[in-house]
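Visitor: Before anything else, here's the structure in question.
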Amino acid sequence: MIPKPEVGSNAGKSFEGMRVLHVLQNYEPSKGGTQFLFKNISEHLVGSCHDDVTVCTTDSLYDPGSKLYQRLPKRDEVNGVHINRFSFARSQRKVLLPFKRILFKLGLPSGGLDRYLRVPESASMKKFIDGFEADVVCASSIFYSYIDYAIYRHQLSKPKPFVLMGAIHFDDEDNISIPPHYLNRIANADKYIANTKFEKDCLVRLGVPSAKINVIGCGVNISDFGKTLKKEARAMLGLSESDFVVGYVGRFAPNKDLKTLIKAFEVSAKANWKLVLAGGTNSHLDEIRHFVAACDKSLGERIAFLVDFDEARKEVIYSSLDVFVSASWSESFGIVFLEAWASKLPVIGTTIGAIRSVITDGEDGRLFPVSDHVELSKLLLYYFDHPDARVSHGNKGLAKIKESYTWEIITGKYRETYVEAISIFNHRHVDAA
């Protein structure tokens, strides 16, 4: 275990018991990649490292930018993690959304409207962050207003070391510009965590010092998957043992491009093929259902929607599949690929930068160009015709997890980054003095 550096007013404390504040747009039971990542890191820091972890977040079950809203308890404690939730401005969405629709119809850019439609503005949340006594603060994602803490914190009487996990979706290396204010947030953070090497390379091209960025990624509990035999899993889900089952598990969201997956399935599907689409209820689900309903009736009969399931059910869903597919055109990592590999499944993803950093084409999965349902259909047929490749790619994916993506490995890297940030912060204060 690495020794703990001196930490401001907390100097002299033992290394165990670091006080960590995680600031997020949503937290469990809200579903999403960021929620899943920080839930596991927070709980591993508490359980394995004996740290004191507090989460500061909004009080909604859904994304702050969603039209859906369900209030969650203001305070909670789950698996030793202290959770503080705060109300946020939602009325601005009702005012601004009609203007965005008008601009869209006119073919005009929406400018800064997107920021105000997505960002949880919360005075009480800001006050909590500013006054909370912590050894280090780690916040995500970059476009939320609370990331400005990195910029103004030195005006406070007790500023804290700050780590930014940006989760920036750089999908096209030829178009990597981000707003200057975002770069300013990165510049003022003590450390930046990138999910992939591709994200780091893009930021370095934009002028961010390489030494500021640590590439970490996400993790998975291997023991949570692959527990149910395929025959039993299919019986539980009403699928035939002889079916070739293609599946997607994740959020129903526009960037997941489920329509491309559905079109590819329609082109390539044989008589015994089934498509499983599994995720949580949200505002995009109805659109996908309507898209399927508009297709040929026989296609709809071979597509199963599995909605709002628990973690135990998710393991069963993965265990029922022959191949996992995500047609997403925008990602910062792709946790679902790790879950599929933990289930010894081959995976198919798009050629965007983040996914190329996770999947090695032809070794543990296959890649296809964004929105190209014809190429995706060819890959589905490839795995159908090559069961040996399904086994080989699934096993190599599992080996990749064991080498780089267990929660023990990921949490250790996050904690080392926190310690680095504390040291950098303290040196800055010494230099300033």
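The values are calculated or read from the model by the stated rules, or taken from the named source; none is laboratory data. Fair warning: this is a prediction, and the values are worked out from it, not measured in the lab. Cβ: placed from backbone, ideal geometry, glycine included. Neighbour counts: every protein chain shown. Surface accessibility is based on the protein's heavy atoms, side chains included, excluding ligands, DNA and RNA. Shrake-Rupley method; radii C 1.70, N 1.55, O 1.52, S 1.80 Å.
Visitor: Give me the pairs: first residue in the stretch 365-391 and closer than 22 Å to residue 342 by Cα, second residue among the aromatic types (Phe, Trp, Tyr) and crowded, with 17+ Cβ neighbours inside 10 Å, beta-carbon distance under 6 Å, and six or more apart or on different chains, which are they?
Guide: Note: pairs meeting the criteria are 379/368; 384/244; 390/383.
Visitor: Among the residues of the stretch 1-58, which ones are charged (D, E, K, R) and either at pLDDT 90 or above or on the phi > 0 side of the Ramachandran plot (or both)? Steps first, answer last, please.
Guide: Keep residues of the stretch 1-58 that are charged (D, E, K, R), which gives 4, 6, 13, 16, 19, 28, 31, 39, 43, 51-52.
19, 28, 39, 43, 51, 52 - these are the residues of the stretch 1-58 that are charged (D, E, K, R) and either at pLDDT 90 or above or on the phi > 0 side of the Ramachandran plot (or both).
Visitor: Would you point out the residue of the stretch 120-154, among those that are modelled with pLDDT under 95 and farther than 24 Å from residue 82 by Cβ, that is most open to solvent (accessible area, probe 1.4 Å)?
Guide: Among those residues, the one meeting the criterion is 154.
Visitor: I need a count of the residues in the stretch 392-433 that are open to solvent by 40 Å² or more (accessible area, probe 1.4 Å), within 30 Å of residue 259 (Cα to Cα) and touching a Lys or Arg at 6+ places or on another chain (Cβ under 8 Å).
Guide: The qualifying residues number 1.
Visitor: Considering (1) part of a loop (DSSP other than H, G, I, E, B); (2) surrounded by 21 or more Cβ atoms within 10 Å (Cβ to Cβ); (3) of a type in the set (Lys, Arg), say which one residue 274 fails and leave the rest.
Guide: Going through the list (1) part of a loop (DSSP other than H, G, I, E, B); (2) surrounded by 21 or more Cβ atoms within 10 Å (Cβ to Cβ); (3) of a type in the set (Lys, Arg), residue 274 breaks only (1).
Visitor: Is it fair to say residue 292 is part of a strand (DSSP E or B) and either of a type in the set (Phe, Trp, Tyr) or touching a residue at least 24 places away in the same chain (Cβ under 8 Å) (or both)?
Guide: No, not satisfied.
Visitor: Could you list all residues from the stretch 247-271 that are part of a strand (DSSP E or B) and modelled with pLDDT under 95?
Guide: Step one: list which residues in the stretch 247-271 are part of a strand (DSSP E or B), which gives 247-249.
Residues satisfying the conditions do not exist here.
Visitor: Right, something else. Restricting to the stretch 33-50, and then to whatever is out of contact with any His (no Cβ under 7 Å at 6 or more places or on another chain) and without any contact (Cβ under 8 Å) to a residue 60 or more places away in the chain, can you tell me which residue is least open to solvent (accessible area, probe 1.4 Å)? Before you say what the answer is, go through the steps one by one.
Guide: In the first step, residues of the stretch 33-50 are kept if they are out of contact with any His (no Cβ under 7 Å at 6 or more places or on another chain); the result is 33-37, 39-41, 43-50.
Subsequent filtering for residues that are without any contact (Cβ under 8 Å) to a residue 60 or more places away in the chain retains 35, 39, 43, 46-47, 50.
Values: 35: 12, 39: 51, 43: 34, 46: 29, 47: 55, 50: 104 Å².
Applying the filter and picking the extreme gives 35.
Visitor: Same structure again: What pairs can you find where one residue is in the stretch 194-215 and assigned to a loop (DSSP other than H, G, I, E, B), the other is open to solvent by less than 30 Å² (accessible area, probe 1.4 Å), and their Cβ atoms are less than 6 Å apart, with a gap of 6+ or different chains?
Guide: Cβ pairs passing all conditions: 195/217; 195/332; 195/333; 196/354; 208/186.
Visitor: Taking the condition touching a residue at least 24 places away in the same chain (Cβ under 8 Å) and either under 15 Å from residue 340 (Cα atoms) or open to solvent by 40 Å² or more (accessible area, probe 1.4 Å) (or both), does residue 255 pass? Before the answer, list the steps.
Guide: Numbers: touching a residue at least 24 places away in the same chain (Cβ under 8 Å): yes; either under 15 Å from residue 340 (Cα atoms) or open to solvent by 40 Å² or more (accessible area, probe 1.4 Å) (or both): no.
Judged against the criteria, residue 255 is not a match.
Visitor: Tell me the residue from 78, 95 that is at pLDDT 95 or above and among the aliphatic types (A, V, I, L, M), please.
Guide: Details: 95 fails: at pLDDT 95 or above.
Step by step, each of 78, 95 is checked, and only 78 is at pLDDT 95 or above and among the aliphatic types (A, V, I, L, M).
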